[in-house]
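Trainee: One structure, pasted below without further comment.
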Amino acid sequence: MLILTRKVNERVIIGSEVEITILKVSRDKVKLGIKAPESVMIQRNELLQSIGQENRRAAVGPLNGLERLLPALRQQLQGA
Amino acid sequence: MITFSKEATEKIAVDSRQIVTFNSGLIGLPQLKVFALIEDEESLPIRLLQCVSTPEFVFIVINPFTIYPNYDVEISDEDAAELGVASAADVLVLAIVTVPEDIRFVTANLLSPIVINMRNKRAKQILLSDTDYPINYRVLRDAPVERRSGRLQVAS
């Protein structure tokens, strides 16, 4: 991992199109300004982590049990 | 009648099994790229996605428009380009379903649905922006309320 020390209002450039500005530092928070092309995905890490975790929870594993689960699920949906 | 066999997926009675490819895998599971989309007329709006390389990964997916009134999916230009989507008519949108012990609390991930271009079978789990759809939307609205951690909001 590359570690850089920056002061408020200083910038870091990543590639030729991504620019990160340190806007504000207060106690345990850092406010960042990010300039990037629309094609660059920028997400809070926790959000992707949560979705990944939900995906892993959603994996029903071997088809074991599905023969019970699916008809029950369908029945519930129809009754809803 | 859906007759899912415990042992072999080949024994699943299905009307259709199509191979779809997620170039970047699922979110948090990037190694899972190629899936069989398994559907049976009887089982709609529920389908299955089974990983081809790791068959023990099976996901239950549902047509989100059937469970959430006015569900709105806006596919970004970048995602559309990545999937080669030319027309909305080619796109199949699916929400991944999580089934807990108590089936009444089944949830669907409305924030990051799966989008499949049915013309070329390219798929992606996209992340909707500017929405506050939950990743754990309760599918059965009249079931008793379960205590669980707060809903997740889209970063803005």
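Trainee: Would you point out which residue out of B:V85, B:V73, B:V52, B:V34 is among the β-branched types (V, I, T), under 26 Å from A:R44 (Cα atoms) and in contact with a strand residue (DSSP E or B) (Cβ under 9 Å, 6 or more places away or on another chain)? Give the derivation first.
Mentor: Details: B:V85 fails: under 26 Å from A:R44 (Cα atoms); B:V52 fails: under 26 Å from A:R44 (Cα atoms); B:V34 fails: under 26 Å from A:R44 (Cα atoms).
Matching residue, one of B:V85, B:V73, B:V52, B:V34: B:V73.
Trainee: Could you tell me how many of the residues in the range B:103-123 are out of contact with any Asp or Glu (no Cβ under 6 Å at 6 or more places or on another chain) and touching a residue at least 40 places away in the same chain (Cβ under 8 Å)?
Mentor: 12
Trainee: Among the numbered conditions (1) surrounded by fewer than 22 Cβ atoms within 10 Å (Cβ to Cβ); (2) closer than 25 Å to A:S39 by Cβ; (3) touching a residue at least 40 places away in the same chain (Cβ under 8 Å), tell me where B:G84 comes up short.
Mentor: Result: B:G84 fails condition (3) only.
Trainee: Oh, and also: Looking only at residues that are within 11 Å of another protein chain (Cβ to nearest Cβ) and assigned to a helix (DSSP H, G or I) in the range B:43-81, which one is surrounded by the most Cβ atoms within 10 Å (Cβ to Cβ)?
Mentor: If we take residues in the range B:43-81 being within 11 Å of another protein chain (Cβ to nearest Cβ) and assigned to a helix (DSSP H, G or I), then B:S43 is surrounded by the most Cβ atoms within 10 Å (Cβ to Cβ).
Trainee: Within the range B:90-110, identify whether any single residue is surrounded by fewer than 20 Cβ atoms within 10 Å (Cβ to Cβ), part of a helix (DSSP H, G or I) and more than 14 Å from chain A (Cβ to nearest Cβ), and answer yes or no.
Mentor: The answer is yes, given that some residue of the range B:90-110 is surrounded by fewer than 20 Cβ atoms within 10 Å (Cβ to Cβ), part of a helix (DSSP H, G or I) and more than 14 Å from chain A (Cβ to nearest Cβ).
Trainee: Now, a different point. Determine which member of the set B:I60, B:I19, B:I67 is β-branched (V, I, T), in contact (Cβ under 8 Å) with a residue 40 or more places away in the chain and within 18 Å of B:S112 (Cα to Cα).
Mentor: When all the criteria are applied, what remains is B:I67.
Every number here is computed from the coordinates shown, using simple stated rules; none is lab data. Predicted model, so just to flag it, every value in this text is computed and none were measured. Cβ sites come from the backbone with ideal geometry, for glycine too, and all protein chains shown count toward neighbours.
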